[in-house]
Structures are given as C-alpha cells and as structure tokens.
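Heads up: the structure comes next, in structure tokens.
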Amino acid sequence: MKYFKGSIFHTPTHGELVYIEDALIVVNETGEIQAVYQPTDAEYQATLAEAQESDNFLCLGKGQYFLPGFVDLHVHAPQWPQAGVALDEPLNHWLDECTFPLEAKYGDVTFAETVYQDLVDHLLARGTTTVLYFATAHLEASLALAKICGEKGQRGLVGKVVMDHPEMTPSYYRDDSAASALADTETFIREVQKMAEHVPQGVYPVITPRFVPSCTDESLAGLGELARQYDVHVQSHCSEGQWAHDHVIERFGKRDTEVLRDFGLLTDKSVMAHCNFIDEHDGDIFIETGTAVAHCPISNAYFANGALPVKRLKAQGVEMGLGTDISGGFSPSLWDNIKQAVISSRMLEDGVDVTLPQPIRGVASSRISVVEAFSLATQGGGEALSLPIGVLAPGYIFDAQVLDMNAQANQITGYGVFNEPEAQLQKLLYLATPENIKQVWVQGQLVHHQS
Ligand code: GUN
Ligand code: FE
C-alpha cells in the first residue's frame, strides 16, 4: 500500500467542485485508489498510524494540494517541433506548407524518438498523465511513440494516422493505398496490445483516420470494420472549421458526424477533435453513439476562428474533455487551455456566434466557470476515454499532481484575503506554472518531480 495525506481538489461530476481537507488516500499495489478518508471518518486515525509506519507515505505541507492528473484528448506528437510556428496562416496553408513536410520526416525513427522523448517529458512536467496522441502515417515511428509513453510512465493512447486520399494528401506523405493503410493499422493495433502486457499504466492503440477529407471511402469503411473487430479507441477531427465542414457535405451529401457514424467510426470509445460546427442533431448522434468531443480552445481560436459552444453541448449531455492540439495549439499545457476555455466561452457569450448562418452578437449563457474547465481537463477526459481516471476517489486510478503554492520560483498567495479553498484553486488554475508542479504520479508511481 501507498499512503498520501493532503488536501484534494477534484470534480467527481462535471462542474461540481469537491474539496477534502487533509484527506488520506490509500493506493494499492496496482495503483488503484482503495480508500479516501476525511479526518472525521472512523478509519482515519488508525489508517494514519499505519501510514506513519509505512515507507510509502507522502504527507503534503501547507499550501500544497493534490489535483487529478490532466487528460489531454488531442495531441499531434510529431508537430511538437512546430509549436508556435506559422500560427498566422490559415489551416490549409499551415497543413500543406508546414505540417505535412514536418510529419513526413518521421520516416526517420531516430528523429521521431528524439522528439517524442522530449514531448512526453514536457507533458508530464505540466501534470498531463494521460494523452490521446496522433502520431504520423509511419508504422515504425508510431510504435516508437507508444513505447516511449510506456517507458516514461505516461498513459498513452496512440494512433497511426491514416491519410490515403490521393487528391487530398501530398504525394510525399500519404499511405500507399487504402489496403496498406488498413494492414498497417491492424499491425499497429496488435503490436501495441502486445506492448501493453508489460506497461502497468496502460498503452492503447487508437484507430486514427486523420479527418474525413484525407481518407478514401475504402479506408474509412475498413477502419470502421477494424473498430468493430478490435473494440479499440477511435479518434479523428470533426467539423473543425468551415472548409472541412462544407467539404464533407459536398462529398457525401451528409454532415461530418453522419459520415463518421455511417462508416462505424463513432463508438463509446471515440473522441472527435474540435467539433466547432456541430449542431443539436450532431450532438444527438454523439450521445447515441457515446462519442466524446476533444475541446481544443487555443487551437480553435487560431485555426477555426471560433469558440465551441461548450455550455450548450454539456447541457445536451455530450461527453467532453480538453485538448492542447499541439501544434495547432502552441502550448503543451492543459493549464493554458483551461484558461482559454473560459476566455473563449466568454467571447461566445459577448462576441459573435460564428456557428449560426446569420451571425448574431453573442449567445446568452455561454460562459463556463474555471471549475467547469478544470472538470474538462480531468473527469471529462476520463469519461471521454471510458477509463477510471480524472477523479481522486475509490475505484479510480491514482494519477495525480502535487501543486505547491509556495514554490520559490512562482509563489502564489492571496495575501491572507483569499484563503478559502475555492479561491485557492482558482488562483492555482490561473497562476500556476510548471514550477508549482512538485510531483506527478501515474498509476501510483512517481513519474516526475522537482526538489
Ligand atoms: N485537420 C487535419 N489535420 C489536422 C491537424 O494536424 N491539425 C488540425 N488542427 N486540424 C487538422
Ligand atoms: Fe488536431
């Protein structure tokens, strides 16, 4: 057993903050949370005595808190070298001129390993314990990413990207054919599932059509069949911007969500990135199929010129988590995306709703709280992936970050005026930097720390 004593912030249900002062968390050998006791519980004192006898006891000090590890639902690992570059271009130019030439370089596995090792370290240092990754179209480099997640202790869900449409992808960077894309995807699924036998925190293969425009009908149908056969996660981009949304309607006479559903790509293990242009009917399709949205607010501000109607979709019942979308989003930090989720929702409320045919100024009741955004980065991400993560409660896996408000390089204080727990959390969510993340734990194992 491992024992962790300290105050907890988490949201067991969306948007509802729970604070437990001086909690005592008991974690078993497999990294699962066995019990969370409050000081008033009958078992508390006896368990504390056990903890104090144990070699595996972490006791937090004043101004230190346990938060659930963050779940990043949308990262393009190969785009990490490009973070911050060419963000003043439109999406199609950015993809064609910058992104595809960069991703093509991952035929070189040594280059891939160098980038991927660095990226996983950066994400862990920012408290991101689980990541849903797009790799590239290359089988070997995609396997290397899964292996590196496994070695570094991060829970990685990794997809070999499929992009085989000869008119929509560059000749120097595409799958050779639908048949080879499907064969590589099946090999990838099997290899990662083999790898997973030796990775305690889990590593998962993900079926990954890049987005509908980049895939032929044949590959989309084949990937849907693989999703049925192997029951693994599925990810793609859906209705990200006006161009992609219109292109799918023109090609199929149906909406993006309908096309993905009809090819068998929407399941309760599917996560669709962006979804800025989805309406209530699309939301119903997501609810019926159990599909979740990866909300990428920084990226959306740049490349979709939009703000996802988070409040409306959550009220409808759509599952949703948060994504950095490296490098459409420049930041590797979900802390930054939590802030942007709040900012974008306020701009939707007070600014222009670009999702309507006749843009009007503002949509009432669009704004979300920072606690709702925190939920998306934690509990919402776990729910989206159908994994028991994102909450610090019995039955969940112990993935956690230890936040220290007294870090020398970035002291965060309310000067005795803002002492109540909710204000402390709000200050952390707005002001914390990697310097305040003292430790990061995945599946009960320490994977990052600073003195
Ligand atoms: N649509 C297709 N590919 C991409 C990508 O790499 N990034 C983003 N933001 N949108 C995409
Ligand atoms: Fe993306």
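The values are calculated or read from the model by the stated rules, or taken from the named source; none is laboratory data. This one's a predicted model, so the numbers in the text were calculated from it and none came from an experiment. Please note: Cβ atoms are built from the backbone with ideal geometry, for glycine as well, and neighbour counts cover all protein chains shown. The protein model used for the area step is the full one, side chains on, heavy atoms only, and it has no ligands, DNA or RNA in it. Shrake-Rupley method; radii C 1.70, N 1.55, O 1.52, S 1.80 Å.
When the chain is described by a simple charge dipole with +1 on each Lys and Arg Cβ and -1 on each Asp and Glu Cβ, the residue from Ala137, Ile249, Leu91 located farthest towards its positive end is Leu91.
Would you mind getting me the FRET efficiency between Asp262 and Gln316? Use the beta-carbon distance for r and R0 = 25 Å, nearest 0.05. Write out the running numbers ahead of the final one.
Numbers: r = 21 Å, r/R0 = 0.85.
The calculated FRET efficiency here is 0.70.
Give me the extension gain from Val417 to Ala364: residue separation times 0.36 nm, minus the current Cα-Cα distance, reported in nm with one decimal. If you can, show how the numbers build up before the last one.
Values: separation 53, 0.36 × 53 = 19.08 nm, distance 3.23 nm.
Residue separation times 0.36 nm, minus the Cα-Cα distance, leaves 15.9 nm.
The heavy atoms of Ser214 offer some 0 square angstrom of accessible surface to a 1.4 angstrom probe.
Once you list every other residue whose beta carbon is under 10 Å from the beta carbon of Ala273, what net charge do they have if Lys and Arg are +1 and Asp and Glu are -1? The partial results should precede the final answer.
On the way: positive: none; negative: Glu240, Asp325.
Here the charged neighbours net out to -2.
Note on the stretch 137-280: lysine pairs with Cα distance below 21 Å, sequence gap of 8 or more or different chains, count 7.
Scanning residues 5 or more positions from His74 or on other chains, those with amide H under 5 Å from its amide H are Leu132, Thr324, Asp325, with H placed 1.01 Å from N in the peptide plane.
Relative contact order for the chain: 19 percent, from Cα pairs under 8 Å spaced at least 6 residues apart, divided by residue count.
Between beta-carbons, use under 13 Å as the cut-off and find the net charge around Asp121, counting Lys and Arg +1, Asp and Glu -1. Please list the in-between numbers first.
Values: positive: Arg126, Lys152; negative: Glu113, Asp118, Glu151.
Computed value for this residue: -1.
Measuring nothing but protein heavy atoms, the accessible surface of the stretch 249-351 at 1.4 Å probe radius is 50 percent carbon and sulfur.
Which residues among the stretch 198-241 fall inside the zone where the amide N is under 13 Å from a point 7 Å beyond the Cα of His281, along Cα→Cβ? No residue passes the distance filter.
For the chain, what does the accessible surface come to per residue with a 1.4 Å probe? Please give it in Å². Solvent-accessible surface per residue comes out at 38 Å².
From the helices alone, meaning DSSP H stretches of at least four residues, give me the mean residue ellipticity at 222 nm for the chain, per-run term -39500 (n - 2.57), in deg cm²/dmol to the nearest 500.
Values: 14 runs with 153 residues, N = 451.
After summing the helix terms and dividing by the residues of the chain, the value is -10000 deg cm²/dmol.
Where both bridge residues fall in the chain, DSSP classifies roughly 45% of the beta bridges as antiparallel. The phi torsions of the stretch 211-222, fed into the Karplus equation with coefficients 6.51, -1.76 and 1.60 and a -60° offset, translate into couplings of 7, 3, x, 7, 10, 7, 4, 5, 5, 4, 5, x Hz, rounded to whole numbers, with Gly and Pro shown as x. If both residues of a DSSP beta bridge must be in the stretch 1-85, then about 70% of such bridges are antiparallel. Cα gyration tensor of the stretch 117-236, axes a ≥ b ≥ c as square roots of the eigenvalues: rounded (a/c below 1.5), prolate (a/b > b/c) or oblate? Here the stretch 117-236 falls in the prolate category. Ordering Thr208, Gln154, Ser219 by Cα displacement along the dipole of the stretch 100-230 toward the positive end leaves Gln154 in first place; charges were set at the Cβ atoms of Lys, Arg (+1) and Asp, Glu (-1). When only the Cβ of Lys, Arg, Asp and Glu is charged (+1, +1, -1, -1), the dipole of the chain relative to its Cα centre reaches about 720 debye.
Within the accessible surface of the stretch 83-169, defined with a 1.4 Å probe on protein heavy atoms only, the carbon and sulfur portion equals 50 percent. Accessible surface of the stretch 1-81, 1.4 Å probe: 45 percent of it comes from carbon and sulfur atoms. Measuring only protein heavy atoms, the 1.4 Å probe finds Lys152 accessible over about 50 Å².
Cross-link reach is defined here as a Cα-Cα straight distance under 18 Å, omitting same-chain residues fewer than 8 places apart; for Lys339 the aspartates and glutamates meeting it are Glu16, Asp72, Asp325, Glu349, Asp350, Glu372, Glu422, Glu435.
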